[in-house]
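Values in this text are rule-based calculations from the coordinates and carry no lab data. All figures in this text were calculated on a predicted structure; none of them were measured in a lab. Every residue, glycine among them, receives a Cβ derived from its backbone with ideal geometry; neighbour counts consider all protein chains shown.
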């Protein structure tokens, strides 16, 4: 299955891209995705981030499906 990944802030810097598509095995979940990303981009392991799954913050380990959109959101501050 093909998942769209969007990177923001420090994560975009660590991956050197803001958007890409990743192929995952059927039945993969968010933990599988994290493992794939940290293997491909070791710098991501050192960055704290939240995951948005189809524009909703993920609070547990969700099973992914083809064409899902995942956003990796590092901590941010505003004023």
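Shape call for segment 25-79 from the C-alpha gyration tensor, a ≥ b ≥ c root eigenvalues: rounded (a/c under 1.5), prolate (a/b greater than b/c) or oblate? The shape class here is oblate. Sorting 56, 44 by the number of Cβ atoms found within 10 Å of their own Cβ, with the fewest placed first, yields 56, 44.
For 68, 48, what ranking results if the residue with the fewest other Cβ atoms within 10 Å of its Cβ goes first?
48, 68
When the helix-only estimate is applied to the chain (DSSP H runs of n ≥ 4, each -39,500 (n - 2.57), divided by the residue count), what is the mean residue ellipticity at 222 nm, nearest 500 deg cm²/dmol?
Working: 2 runs with 18 residues, N = 79.
Calculated at 222 nm, the ellipticity per residue is -6500 deg cm²/dmol.
Across the chain, Cα pairs under 8 Å and at least six residues apart give a relative contact order of 43 percent. Approximating the spin labels as points 7 Å out from Cα along Cα→Cβ, the residue 61-to-residue 32 distance works out to 1.2 nm.
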